[in-house]
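These notes concern the structure reproduced below.
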């Protein structure tokens with residue numbers, strides 16, 4: 001990833017974090033609208049799950065320049081998701097829900113260039129999770 005793309009992602013994420021509860025709730029609303037069967041994979045309240053999601057994404061975004069530092073955490077996350085019943089094909093649906101959430105939450109800040117940056121980083125994360 002280029003430095004510009006990393007900076008764009010970090011800046012947009014900091015904007016989104018101003019209302020992280022709304023962003024997390026919207027993500028799960030979009031996710032379950034895309035695939036209602038995924039709801040059964042989540043045992044915790046959506047509020048609790050949303051906080052975990054936002055925390056993990058923040059960790060991953062903070063470490064974009066040094067993903068190798070959190071490789072073990074990503075591997076552990078991937079194993080947990082596999083135990084929960086997440087299948088490789090679910091990551092495409094998650095990516096669509098994430099992109100929809102970002103587009104809505106970032107509104108005027110959203111652009112084709114920012115969408116491309118987010119798609120690139122999501123692909124990197126997905127490949128690390130599925131390995």
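What follows is calculated from the coordinates using simple rules that are stated; it is not laboratory data. Treat the numbers as computed from the prediction; the structure is a model and nothing was measured. Please note: Cβ atoms are built from the backbone with ideal geometry, for glycine as well, and neighbour counts cover all protein chains shown.
Quick look at the numbers
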{"item": "Checking residue 64 against (1) buried (at least 16 other Cβ atoms within 10 Å of the Cβ); (2) within 19 Å of residue 97 (Cα to Cα), the condition it does not meet", "result": "(2)"}
{"item": "Any chance residue 83 is loosely packed, with under 15 Cβ neighbours inside 10 Å and touching a residue at least 40 places away in the same chain (Cβ under 8 Å)", "result": "no"}
{"item": "Flag if residue 15 is out of contact with any strand residue (DSSP E or B) (no Cβ under 7 Å at 6 or more places or on another chain) and not in a helix (DSSP H, G or I)", "result": "no"}
{"item": "Per-region count, the range 16-39, residues more than 14 Å from the chain's Cα centre (by Cα), touching a residue at least 12 places away in the same chain (Cβ under 8 Å) and either surrounded by 13 or more Cβ atoms within 10 Å (Cβ to Cβ) or under 18 Å from residue 81 (Cβ atoms) (or both)", "result": "4"}
{"item": "Listing of helices (runs of 4 or more DSSP H) fully contained in the range 27-131 that carry 1 or more residues being under 20 Å from residue 8 (Cβ atoms)", "result": "46-62, 90-106, 112-130"}
{"item": "Unmet requirement for residue 50, which otherwise passes all of (1) in contact with a helix residue (DSSP H, G or I) (Cβ under 7 Å, 6 or more places away or on another chain); (2) over 16 Å from residue 91 (Cα atoms); (3) exposed (fewer than 15 other Cβ atoms within 10 Å of the Cβ)", "result": "(3)"}
